[in-house]
Structure formats: C-alpha cells, structure tokens
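The values are calculated or read from the model by the stated rules, or taken from the named source; none is laboratory data. Given the structure is predicted, the values throughout are model-derived calculations rather than measurements. With ideal geometry, Cβ positions are generated from the backbone for all residues, glycine too; neighbour counts draw on all protein chains shown. For accessibility, only protein heavy atoms count, side chains too; no ligands or nucleic acids. Shrake-Rupley method; radii C 1.70, N 1.55, O 1.52, S 1.80 Å.
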Amino acid sequence: MSLSRILIATALTGAVALPALAQESNPAVNARQGHMQVLALNLGVVGNMARGNTDYDPEAAQAAADNLLMMSQINQRFYWPEGTDSESIEGTRALPAIWEEGSQVMEISAELVAATEGLAAVAGDGLDAMRGALGPVGGACGACHDDYRVSN
Amino acid sequence: MKRALIVFGLVVIVGLGGGLWLTQPDIYFEDDLAGLTGDAEAGEAVFWAAGCASCHAAEDAEGEARLLLTGGQAFPSDFGTFRAPNISQDPIHGIGTWTQVEFFNAVQNGISPDGSHYYPAFPYTAYHLAERQDIADLYAFFQTLPASDVPSEPHDVGFPYSIRLAMRGWNFLNMPDGYTVSGDLTEEEERGRYLAEALAHCGECHTPRDGLGGLDRSRWLAGAPNPSGRGTIPDLRPDALGWSQGEIAAYLNDGFTPDFDAAGGHMTSVIGNMAELTEADRNAIAAYLLALPNGS
C-alpha cells in the first residue's frame, strides 16, 4: 500500500470519526444519563432490600427514597434540547417520540413524582411498606422506557 | 405438443395436490378432546404465562384492563403490519361463541373456526407445544373474561403475504415438533423450558428470523433486531447476559436489571405477566435460560 493511499485512508477515517466523537460529549445527554445513574444507584439501595439481597435498614431506605423524590422533582428542561434524539445523534437511546406531538413524558414524569412521594412517605416504616411502595416507582420507570427508549 | 401440455398439466395438478397433501395442517376434532375439561382458576396461570394480554389488551393497559382483550395493538414486521384482533368474549367482535375445539385449533394450530390460517404473528407455533390440559384450562379462563364490542382492525399486509393459504407451507417449514433446547435438563430447567418455549414464546422476539420470517433455531434466544426497526432485542444466552438465576428471576418480577435500570419496550408488558407467576416458575425460567447453549 502506497503512502498516499494510507494518508487518504487516514484522512477519510478521521472525517467520519471526528463528528461522532464530538457528538458523544453532548453535555445535555451526559447530564440526563448521569441523572438516570443517580436514580439507579438509589433504586439499588431499596431494590436490593426489597429483593432480600441486603438487610432492611430503615435509615438507609429513607435516605435513598428521599433522594429519589428529590431527583424526580428536578426540572429537566435543559436535559432534552431538540435534536438530541437517537435519530439525530450517536450515544443516546432517547427516541424522537419524546419530542413529538402526543408525547406522554410529562405525564409519566408526574407519575414518577407521585410514586416517589409514596415511597418516601413509608420507606422507613418497615420492609413490607417499602416494598409495596416500590412497585409504582418501577412502573413509572418502565412506562417511559416502554415507549421512549431504544431497546437493546 | 398437445400431449406435452397434458403431461405438464398433470404434473402441476399432482404437484399442487401433493403439496397440499404434504402440508396438511394438524387439526383437532371433537373426539380428540373427549373428556378434557378446563379449570378456569388454573387457566389464569396459563393466561399470564402465555402472555395473551401483552398483545390483545389495549396498548399500555394496566391492572384489570389487561383482562379486556379488545385488540388493536400494531405489530410491524418485514411483511407488513399485523394488528391483534379482539379476542374478548363478545359474540360478534370477539370469540365468545367459540367451542373448545375451535379454540384449540386456533391456539395450537393457527387455524380459525372457518378453516382459514392465522398469521404467525400469533405465536401458535409456540403454543403448539403446550399441554392440552393447559389449553383447556385457558379456554375455561377465557369464558370468565369480559366482552368488548370494538371491531378488530384488518392487517396491513401486501401481496403475496396476503394469501393466507401460503401459511400452510410456512407452517410445514416452521411448526416445531419438539423443544428447541434438548439434552439433559433438571426438572426445574424442564419446567422453565415449558414456560419459555411453549407458553411465554420468548423466542418470538429474542430469536433471529430467516428470510421467510421463520425462527432461526440454530441461534435460539441469541438476540435479534427489533421488528419496530429501532434497536435490538437482547441475547439471552448465559455468556451474553451474564446474570445469575436470582437476578433473572428478580428482573422478571420487578423489572429491574442487576444495575437497577428499568426494563423497556414490550418487555415491560412481559414482566407484568411474569410477575403474576409463582416465584418457583420465575426461577424455573431463569434456570432454563442459564442452561441455554452459548453457541459460537
């Protein structure tokens, strides 16, 4: 292979790869994915107690539930700028349907607030109470992932 | 020349006749089911395991609404868009007048009471493997369900797939005569295999399909493109999934992955069904998945 051919190939590869790299560091996408990770971390605390993987600890359960409630109440308007859906950029599983007419994401977001309020109200009151209140939280998570996230 | 035409004609007739004879579908007759009586309470467990509501209840139905099998959900595929029909107890728009044997032929053989073929978007190829008692119980449970008078919507399927008789050849090629996973299985793994392969029809989404839409059983549960056109359906083989039995069983109950990400897509509805099963059955499905061959 000649040197010129290698140079051309390298230049072409760079031209393709660079925009993709630039897209991967979209701050809004990073922030919303970080938000989801914070939710998952705190869900893990109560979820593992509910599954019996860890002992029920009312103080830790309450702390995790309070975090979930607070996270669900954050105004997410800056997380979701137009043009950051899975059809427009790499590195996101957010479906265009989030931004389309008839999108239910705000309603589901309100469901999550109500569900985490319910969890935070009882998380320290015993394992059964906490477990019962966790179901609606999972339901709200799933409701959004059902229609608005690319499956993998 | 005339003679050649006659010979050609005979070959065509024999060929078609032979083809139709060869591909004769399995059909139940009344006598086949003599003495079989369903138990509605047992049928409810079959109903959830078989996932009827995930497709036949209204989109996003929750709670009691999952028992109203009004139809209407759309299922895109390479062959067109299929729409789940109303299978509620309504005598006109649903299946309220069906006899037990009609129900059996629909569910296990893909044949409607008027003798026409259903499309395999309806997973009768999986239900074909189910125990007769379970289908009888399911029929009994269906009798207890409410009626919906919403008319079924037509499928949006173009020629040549619009020829239902072609399903006869498709069934001949694709109707399983036994389980896909064979070999030495524990009792728990066998129970899981029954639930996963015969009732819950996991393979319909998690197994890739060939050019004619048949399941590629050599890559059983190895993951597949999402028929909606976006994303993929995960590979469930143990090396790919990497979850423990307890993690799989818990996911099927509460919908959280081991990292506490929440399930999405059609799986949220499947988990709604799986959560209605016993813990032993969820553990059995998990044991079966861990017994899957990893493949190459």
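The charge dipole of the protein assembly as shown, taken about the Cα centre with unit charges on the Cβ atoms of Lys, Arg (+1) and Asp, Glu (-1), comes to about 2060 debye, rounded to the nearest 20. A 1.4 Å probe, protein heavy atoms only, puts the accessible area of B:SER244 near 60 Å². Close amide H partners of B:ILE233, meaning residues 5 or more places away or on another chain with modelled amide H under 5 Å apart, are B:ALA224, B:ASN226.
As a test of the definition: with a 1.4 Å probe, what buried accessible area, both sides summed, do you compute for A against B, in Å² to the nearest 100?
1600
Taking the Cα centre of the range B:187-290 as origin and assigning +1 to Lys and Arg Cβ atoms and -1 to Asp and Glu Cβ atoms, the resulting dipole is close to 420 debye. Extending 7 Å from Cα along the Cβ direction at B:THR144 and again at B:ALA74 yields two label points whose distance is 3.5 nm.
Subtract the Cα-Cα distance of B:THR186 and B:SER228 from 0.36 nm times their separation in residues, and report this length gain in nm to one decimal. Length gained between B:THR186 and B:SER228: 11.5 nm.
Assuming R0 = 41 Å, can you tell me the calculated FRET efficiency for the pair A:ALA114 and B:SER218, based on Cβ-Cβ distance, to the nearest 0.05? Could the numbers behind the result be given before it?
Numbers: r = 47 Å, r/R0 = 1.16.
Efficiency computed from Cβ-Cβ geometry: 0.30.
Summing +1 for each Lys or Arg and -1 for each Asp or Glu among the other residues whose beta-carbon sits under 13 angstrom from that of B:HIS56 gives -1.
Among the GluC sites (Glu not before Pro) in the range B:57-159, those placed in a DSSP loop whose Cβ has at most 12 other Cβ atoms within 10 Å are B:GLU59, B:GLU62, B:GLU131. Of the chymotrypsin sites (Phe, Trp or Tyr not before Pro) found in the range B:29-110, the ones in coil according to DSSP and having at most 10 other Cβ atoms within 10 Å of their Cβ are B:PHE29.
Computed in the context of the full set of protein chains, the accessible area of the range B:28-174 at 1.4 Å probe radius has 55% of its extent on carbon or sulfur. Placing pseudo-labels 7 Å out from each Cα toward the beta carbon at B:THR99 and B:LEU22 gives an inter-label distance of 3.3 nm. Taking the chain by itself as reference, the range A:45-94 contains these residues with an accessible-area loss of 40 Å² or more in the full protein complex (1.4 Å probe, heavy atoms): A:ARG51. For the range B:198-207, putting each phi into the Karplus relation 6.51 cos²θ - 1.76 cosθ + 1.60 with θ = phi - 60° gives couplings of 8, 9, 6, 6, 4, x, 4, 9, 8, 10 Hz, in residue order, rounded to whole numbers and with x for Gly and Pro. The residues of the range B:28-174 expose on average 47 square angstrom of accessible surface per residue, using a 1.4 Å probe on protein heavy atoms.
Per residue, the range A:27-148 exposes 51 Å² of accessible surface when a 1.4 Å probe is rolled over the protein heavy atoms with every protein chain present. For chain B, find the longest principal axis of its Cα atoms and tell me its angle to the long axis of helix B:2-22, 0 to 90°, nearest 10. Helix B:2-22 sits roughly 30 degrees off the main axis of chain B. Its DSSP H runs of at least 4 residues, each contributing -39,500 (n - 2.57), put the calculated 222 nm mean residue ellipticity of chain B at -11000 deg cm²/dmol, to the nearest 500. Its Kirkwood hydrodynamic radius, worked out from the mean inverse distance over all distinct Cα pairs, puts the protein assembly as shown at 24.6 Å. Residues B:VAL46, A:VAL113, ordered by accessible area of protein heavy atoms at a 1.4 angstrom probe radius and largest first, appear as A:VAL113, B:VAL46.
For the range A:52-152, the set of chymotrypsin sites (Phe, Trp or Tyr not before Pro) satisfying both a DSSP loop assignment and a count of at most 11 other C-beta atoms within 10 Å is given as A:PHE78.
When the square roots of the Cα gyration tensor eigenvalues are ordered a ≥ b ≥ c, the ratio a/c for the range B:28-174 is 1.5 or more and a/b does not exceed b/c, which makes its shape oblate. Taking 0.36 nm per residue of sequence separation and removing the Cα-Cα distance, the B:GLU276/B:ASP60 pair yields an extension gain of 76.1 nm.
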